[in-house]
Amino acid sequence: MKIRWKELLFSLAISLGTGALAGLITRGGMEKYGQFQQPPLSPPGIVFPIVWTALYFLMGVSAYRVLVGEKPLREQAISIYAAQLAVNFFWPLFFFGWGWFWFSFFWLLLLLVLVVWMIFLFFKNDRLAGILQIPYLLWLVFAAYLNLGVALLN
């Protein structure tokens, strides 16, 4: 596949920009998180921005591969991608901004459903695009565990 730089940069800007904007709006959230009682296996706060940056990068590359493809389910796949990105954007606002731990947990379950659906559609469009989303899915499962733990303990 020949790289179409304009589309790749656009896709990366959308995914990384979404994460950066959510991080900017909820800055100080990791300090709050450090004050919560946390479940076992909770990583130190510095891990989160590193992991999320890598995941948003993979999301952007993955979406780019689907976007430039010519498969029949491309538009549906990109629509679900956009929907999950929007749901993803609001989660830190609910969790860190307003401290709605239980609402955030159920919101995260909605995100997980959308991401599984997206991965299924991405695989149908471009196998590598689907594979690139698997770390995101795994991290979301871990995030759901952490969110549930915080909700139960606080």
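Tabulated data
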{"quantity": "Of the DSSP H helices in the chain, those whose Cα atoms cover at least 15 Å axially and whose Kyte score averages 1.6 or more", "calculated": "101-125, 134-153"}
{"quantity": "Computed FRET value (nearest 0.05) for Glu31 with Lys2, which takes r as the C-beta separation and R₀ as 30 Å", "calculated": "0.10"}
{"quantity": "Modelled FRET efficiency - R0 25 Å, Ile46 with Asn154, Cβ distances, 0.05 increments", "calculated": "0.75"}
{"quantity": "Nearest-20 debye value, the stretch 5-137 charge dipole, Cβ charges on Lys, Arg, Asp, Glu", "calculated": "100 debye"}
{"quantity": "Cα-only Debye scattering, the stretch 87-147: base-10 log of I(q)/I(0) at q = 0.13, 0.15, 0.30 Å⁻¹", "calculated": "-0.36, -0.46, -1.18"}
{"quantity": "For the chain, with +1 on Lys and Arg beta carbons and -1 on Asp and Glu, the positive-most of Trp117, Ser79, Met1 along the dipole", "calculated": "Met1"}
{"quantity": "Spacing of the two label points (7 Å from each Cα toward its C-beta) at Phe10 and Leu138, in nm", "calculated": "3.2 nm"}
{"quantity": "Radius of gyration and maximum dimension Dmax of the stretch 41-127, Cα, Å", "calculated": "14.5, 43"}
{"quantity": "Spin-label model distance (nm) - Ala20 vs Phe89, 7 Å beyond Cα toward Cβ", "calculated": "1.5 nm"}
{"quantity": "Residues of the stretch 62-91 with amide N under 14 Å of the 7 Å Cα→Cβ point at Val113", "calculated": "84, 87"}
{"quantity": "Accessible area of the stretch 23-98 belonging to carbon and sulfur atoms, whole % at 1.4 Å probe", "calculated": "68 percent"}
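The values are calculated or read from the model by the stated rules, or taken from the named source; none is laboratory data. Being a predicted model, the structure only gives us computed values, none of them experimental. Cβ: placed from backbone, ideal geometry, glycine included. Neighbour counts: every protein chain shown. The area values use the complete protein model at the heavy-atom level, side chains included, leaving out ligands, DNA and RNA. Shrake-Rupley method; radii C 1.70, N 1.55, O 1.52, S 1.80 Å.
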